[in-house]
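So the structure is just underneath, and the comments pick up after that.
The values are calculated or read from the model by the stated rules, or taken from the named source; none is laboratory data. Not measured: the values here are computed from a predicted model. Cβ sites come from the backbone with ideal geometry, for glycine too, and all protein chains shown count toward neighbours. With ligands, DNA and RNA removed, areas are computed over all heavy atoms of the protein, side chains included. Shrake-Rupley method; radii C 1.70, N 1.55, O 1.52, S 1.80 Å.
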Amino acid sequence: MRLDKLLGNMGYGSRKEIKSLLKKKHISVNETIIKDGSVHVDPDSDIIKVQGDIVHYQKYIYLMMNKPPGFISATADKVDKTVIDIVSKDYQHFNPFPVGRLDKDTEGLLLLTNDGDLAHQLTSPKKDVPKSYYAKIDGFVTEADISSFKSGIVLEDGYKAKPAKLTILHAGNESEIEIAITEGKYHQVKRMFEAVDKKVTYLKRLTMGNLKLDENLRLSEYRELTDQELNYCFSLTKEKKS
Ligand code: URA
């Protein structure tokens, strides 16, 4: 890939800033000063240095966030703050995006990455990756609801949801439940409960496949995935990426 693109991807500045670094002879490739940003380099075999420091090239970024309410799952928005606004500059240059949408008021596990393949593996309804949620429900959740969700509840627009596993943690006028679904239609969990005349008043995603929300992450906090979590992701995309 082009040297200037690689440096841009790694956060060494704007095109103009990188041009200036090159002009000032601050960039070397295999110990040779390079002034032309268009030269092609191989990040796996060439040793690229900026002001004497080796550039450790990383193409992909994988972050786990505990999404706070009040932020939307998008990369940009004219009105609202997005989950990307929470991410520090150190990661912004990777152009991460959220994997699967959580509603503005939903909290919990959100993966941010620039790996489109992984995003597809985790969110495509064909892949059947379960996502589980904890929810508070205004209404008495019953065994009949468990059966309806298991056989596929029909939403208000006539769509029959795929079978979902509903677990009642507490049944009462205010119920608490966990639910596992394998698809991510717009407002899916909320609409499933609306179909049985109940209202979700709080929603938090707990898991996506084998990825579990790190309980040490407070709302708005995020961290890079661990090696174990990455291995799971790479097992989905069947290709080691670095
Ligand atoms: N289902 C919903 O209704 N909202 C979410 O944010 C996620 C799943």
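Taken residue by residue, segment 79-91 has no member that is in the same structural domain as Leu236 (by TED's automatic domain parsing), surrounded by fewer than 13 Cβ atoms within 10 Å (Cβ to Cβ) and on the phi > 0 side of the Ramachandran plot. Tallying residues that are touching a Ser or Thr at 6+ places or on another chain (Cβ under 8 Å) and either buried (at least 22 other Cβ atoms within 10 Å of the Cβ) or under 21 Å from Pro68 (Cα atoms) (or both) within segment 119-132 yields 3. For segment 103-118, a residue qualifies if it is open to solvent by 10 Å² or more (accessible area, probe 1.4 Å) and within 16 Å of the ligand (Cβ to nearest atom), and the qualifying residues are Asp103, Lys104, Asp105, Glu107.
When the residues of segment 63-84 are filtered to those that are free of Cβ contacts under 8 Å to residues at least 24 places away in the same chain and under 14 Å from the mean Cα position of the chain (by Cα), the one that is farthest from the ligand (Cβ to nearest atom) is Thr75.
Scanning segment 140-179 for residues that are of a type in the set (Phe, Trp, Tyr) and farther than 22 Å from Gly108 by Cβ yields a total of 2. Test Asp138 against the stated conditions and say whether it is of a type in the set (D, E, K, R), out of contact with any Cys (no Cβ under 6 Å at 6 or more places or on another chain), away from the ligand (no atom under 13 Å from the Cβ) and open to solvent by less than 10 Å² (accessible area, probe 1.4 Å). It is false that Asp138 is of a type in the set (D, E, K, R), out of contact with any Cys (no Cβ under 6 Å at 6 or more places or on another chain), away from the ligand (no atom under 13 Å from the Cβ) and open to solvent by less than 10 Å² (accessible area, probe 1.4 Å). Scanning segment 85-106 for residues that are under 13 Å from the mean Cα position of the chain (by Cα) and under 20 Å from Tyr186 (Cα atoms) returns Phe97, Pro98, Val99, Gly100, Arg101, Leu102. No other residue among Asn210, Asn216, Asn173 is at pLDDT 95 or above and touching a helix residue (DSSP H, G or I) at 6+ places or on another chain (Cβ under 6 Å) apart from Asn210. Taken over segment 92-102, the criterion of being open to solvent by 50 Å² or more (accessible area, probe 1.4 Å) and at pLDDT 95 or above is satisfied by Phe97 alone. Taking strands (runs of 3 or more DSSP E) as the structural unit, those lying wholly within segment 153-242 and holding at least 2 residues that are within 16 Å of the ligand (Cβ to nearest atom) correspond to 165-170, 174-181, 199-208. Within segment 165-184, restricting attention to residues that are open to solvent by less than 60 Å² (accessible area, probe 1.4 Å) and touching a Pro at 6+ places or on another chain (Cβ under 9 Å), the residue that is nearest to Asp128 (Cα to Cα) is Thr182.
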